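K.L.:
The structure that follows is given in the form of structure tokens.
The values are calculated or read from the model by the stated rules, or taken from the named source; none is laboratory data. Given the structure is predicted, the values throughout are model-derived calculations rather than measurements. As a convention, Cβ positions derive from the backbone with ideal geometry for all residues, glycine included, and neighbour counts pool all protein chains shown.
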């Protein structure tokens, strides 16, 4: 990087909660050479130390409790990387650039953000969109937007290509295939699709939490609580097929599922609803509905082969979080080059 940059992620999501795009992008920015400060609200999980460095190899990535002043950690130009609900932070502090990372369509479960999204467009100088539908919405309003899909934490999930130590709470299938899902057990989960798969297979659903906890009851479905990110590869390693069973709602039209990239990092066959964002990966995804999912899942398991495993993993490597961060940093650098430094 030509210029020292500090990227701050304002307090919005607990650092330890589900480890999604915000956590992944901040780590990738640090790997790409930026100085990174993740401000942790610690609403769901207590932060033991007010300041900690989650990765020994990345001294330029720090997680601080929201009560800690972030300013002493700033080096060089200051960039705020903001989600839709973080506009207040932009108003409170001087900075060189504010970025809007737009990750969800303001529809359905996220319709409350409908009036906030245009406000964020005005408050920020650069917008990234995680999916085509989100990109189009911004573009239709004349907002210069960069398409930046989600990515793969390949090194973290690749070990799941082989059976790891079996977690004690996984269901005993007595040698039968195990079909699995992990993620939010939320309103956009297609429970009927899960039930249809469970008519032929043992299914495990991982992710029940105080925030997301659908009532799922079927004799062949085991529901487990949310797991620490570090534990997920062990669970994934025992999936014979990995599910993305989402309802095809307006909101899901703009969903680029992170778990897809994680599943293929382990080389797992993926069976999913016919999601728009997954259609570009037709060679990597088995698409199903309630009428076909049992047969499609059986075919996905039967056709699995080391060559297919390597093919999936190759695509995961090509779509790494680090590659996304490098694209984003190039756009950030261009914006900074055109802007005058703020006085802080």
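K.L.:
Scan the range 22-43 residue by residue and report those that are in a loop (DSSP other than H, G, I, E, B) and closer than 17 Å to residue 10 by Cβ.
P.N.:
Matches in the range 22-43: 34, 41, 42, 43.
K.L.:
Let me ask you something else. Quick one: which residue in 254, 267 is crowded, with 17+ Cβ neighbours inside 10 Å, in the same structural domain as residue 160 (by TED's automatic domain parsing) and over 22 Å from residue 163 (Cα atoms)?
P.N.:
254
K.L.:
Strands (runs of 3 or more DSSP E) wholly in the range 84-157 with at least 3 residues that are surrounded by 17 or more Cβ atoms within 10 Å (Cβ to Cβ), modelled with pLDDT of 95 or more and touching a strand residue (DSSP E or B) at 6+ places or on another chain (Cβ under 6 Å) - which ones?
P.N.:
Result: 97-102, 126-129.
K.L.:
Continuing with the same structure: Say whether the condition of being surrounded by fewer than 21 Cβ atoms within 10 Å (Cβ to Cβ), under 20 Å from residue 312 (Cβ atoms) and out of contact with any helix residue (DSSP H, G or I) (no Cβ under 8 Å at 6 or more places or on another chain) is met by at least one residue in the range 235-245.
P.N.:
yes
K.L.:
Continuing with the same structure: I'd like to know if the range 150-172 contains one or more residues that are assigned by TED's automatic domain parsing to the domain that holds residue 82 and farther than 19 Å from residue 21 by Cβ.
P.N.:
no
K.L.:
Out of the range 174-198, which residues are within 16 Å of residue 242 (Cα to Cα) and assigned to a loop (DSSP other than H, G, I, E, B)?
P.N.:
176, 177, 183, 184, 185, 190
K.L.:
Identify, from the list 304, 295, the residue that is part of a loop (DSSP other than H, G, I, E, B) and either assigned by TED's automatic domain parsing to the domain that holds residue 133 or surrounded by fewer than 19 Cβ atoms within 10 Å (Cβ to Cβ) (or both).
P.N.:
The conditions single out 304.
K.L.:
Tell me which residues, restricted to the range 55-83, are touching a strand residue (DSSP E or B) at 6+ places or on another chain (Cβ under 6 Å) and assigned to a helix (DSSP H, G or I).
P.N.:
Listed by number, the list holds a single entry, 73.
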